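Here's the structure we're looking at; comments come further down.
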Amino acid sequence: MELTGDRISKALGTEQFGRVLQVHDTVTSTNDLARVLADAGAPEGAVVIAREQLTGRGRLGRQWVSPRGGLYLSVILRPAQPLDEWPLLGFLLAVASCGAIDALTGLRTGVKWPNDVMIGSRKLGGVLVEATPAFVVGGVGLNANLTPATLGALENTATSIQALTGHPVELSALAAMLLTKLEGAYSRLRTDKAWLLDEWRRRSVAMGRRIRVTGATTLEGVAEGIDDTGALLIRTAEGVQVVRAGDVSIRLVETGE
Ligand code: BT5
């Protein structure tokens, strides 16, 4: 069943998120369109969705492979929290994505720092948070109904809901469930940051495992968790190091044990 604004609206359990909604067929990047919309004064919770993206992007200028069958969604946020707490919005989007997928499919999804959506060591989705002083655009890409053929070169590191469950998920229902979970989590974040951090920790696939951090710094050690600002704690031979999101990636290191 095709993804449509009508189907999403009917399934929404929100007051605000997704009530201003654009659904496009093909776009460059939903984050770009959402930014234009936000600049023009769109309210918090306004959403842009596309059936495919031509230049979908990840963090640090990386590409996000965005063929038909995936969900590509960007939401405008105008958070009241201080700027230094905005990194938590990435956790929020990842945790809400997990909640939506689990509720609709019965899968048990996890997260990998800073905000990958995972099943085991395979990537099922990603989150891109782009902030300006006036607003934040939160982008989510979920591999819903992608086949191994459409995943192409990513076949060994990525997976999709369809590949895992054996049947497609309804994209409009997935979008509506994601927005419903997101609105609930976002309003909870105002008074209860601990809930979000706990939920993220509970879903972490790397906790206690050997990881390698690459980027501005290169470190290898055991993932100890996250602190209350969302920074990653990694135990290395030199002690516990704090890694902030930004110019870094982490990989699970297979130890063969
Ligand atoms: C992310 O970046 O994981 C954030 C992805 C966010 C995509 C959404 S879609 C809606 C909105 N509009 C956009 O233009 N973007 C957002 P990062 O952590 O940098 O991961 C990127 C890396 O993941 C790539 O370098 C590939 O290795 C891998 N990758 C690319 N496409 C993938 C896919 N569809 N599934 C799994 N892995 C993928």
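Miscellaneous remarks
- Inter-residue pairs, beta-carbon under 6 Å, first more than 6 Å from the ligand (Cβ to nearest atom) and in segment 58-73, second at pLDDT below 95 and not in a strand (DSSP E or B), 6+ apart: 67/150
One line per residue, one yes/no per condition, for (1) among the hydroxyl-bearing types (Ser, Thr, Tyr); (2) in contact with a His (Cβ under 8 Å, 6 or more places away or on another chain); (3) closer than 19 Å to residue 204 by Cβ:
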residue	(1), (2), (3)
69	no, no, no
73	no, no, no
95	no, no, yes
103	no, no, no
121	yes, no, yes
137	no, no, no
144	no, no, no
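- Single residue of 22, 16, 81 found to be part of a strand (DSSP E or B) and either more than 16 Å from the ligand (Cβ to nearest atom) or farther than 23 Å from residue 159 by Cβ (or both): 22
- Qualifying residue in segment 87-97 (condition: open to solvent by 20 Å² or more (accessible area, probe 1.4 Å), in a loop (DSSP other than H, G, I, E, B) and in contact (Cβ under 8 Å) with a residue 24 or more places away in the chain): no
- Filter pass, residue 154 being near the ligand (Cβ under 10 Å from one of its atoms), more than 14 Å from the chain's Cα centre (by Cα) and under 24 Å from residue 203 (Cα atoms): yes
- Unique residue being touching a strand residue (DSSP E or B) at 6+ places or on another chain (Cβ under 6 Å) and within 12 Å of the ligand (Cβ to nearest atom) when the list is 136, 129: 129
- Checking each residue in segment 97-121 for being near the ligand (Cβ under 8 Å from one of its atoms) and more than 22 Å from residue 76 (Cβ to Cβ) picks out only 116.
- No other residue among 119, 76 is under 18 Å from residue 199 (Cα atoms), buried (at least 20 other Cβ atoms within 10 Å of the Cβ) and of a type outside the set (D, E, K, R) apart from 119.
- Some residue of segment 31-54 being assigned to a loop (DSSP other than H, G, I, E, B), more than 23 Å from residue 80 (Cα to Cα) and not polar (S, T, N, Q): yes
- Looking only at segment 157-168, and only at residues there that are β-branched (Val, Ile, Thr) and crowded, with 18+ Cβ neighbours inside 10 Å, the one that is nearest to the ligand (Cβ to nearest atom): 159
Here's the yes/no breakdown for (1) touching a helix residue (DSSP H, G or I) at 6+ places or on another chain (Cβ under 7 Å); (2) surrounded by fewer than 19 Cβ atoms within 10 Å (Cβ to Cβ):
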{"residue": "170", "(1), (2)": "no, yes"}
{"residue": "174", "(1), (2)": "yes, no"}
{"residue": "188", "(1), (2)": "yes, yes"}
{"residue": "191", "(1), (2)": "no, yes"}
{"residue": "194", "(1), (2)": "no, yes"}
{"residue": "201", "(1), (2)": "no, yes"}
{"residue": "215", "(1), (2)": "no, yes"}
{"residue": "221", "(1), (2)": "no, no"}
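- Selection status of residue 181, touching an Asp or Glu at 6+ places or on another chain (Cβ under 9 Å), among the charged types (D, E, K, R) and open to solvent by 40 Å² or more (accessible area, probe 1.4 Å): no
- Condition met for residue 41 (open to solvent by 10 Å² or more (accessible area, probe 1.4 Å), under 23 Å from residue 203 (Cβ atoms) and modelled with pLDDT of 95 or more): no
- Subset of segment 203-230 [free of Cβ contacts under 8 Å to residues at least 40 places away in the same chain and part of a loop (DSSP other than H, G, I, E, B)]: 207, 208, 216, 217, 218, 227, 228
- Members of segment 59-73 found to be open to solvent by 80 Å² or more (accessible area, probe 1.4 Å) and of a type in the set (A, V, I, L, M, F, W, C), listed by number: 60
- The set of residues in segment 234-253 being part of a strand (DSSP E or B) and either open to solvent by 40 Å² or more (accessible area, probe 1.4 Å) or closer than 15 Å to residue 90 by Cβ (or both) consists of 235, 240, 241, 242, 243, 248, 249, 250, 251.
The values are calculated or read from the model by the stated rules, or taken from the named source; none is laboratory data. All of these numbers come straight from a predicted model, not from anything done at the bench. For neighbour counting, all protein chains shown are included, and Cβ atoms are generated from backbone atoms with ideal geometry for every residue, glycine included. These accessible areas exclude ligands, DNA and RNA; they are computed on the full protein's heavy atoms, side chains included. Shrake-Rupley method; radii C 1.70, N 1.55, O 1.52, S 1.80 Å.
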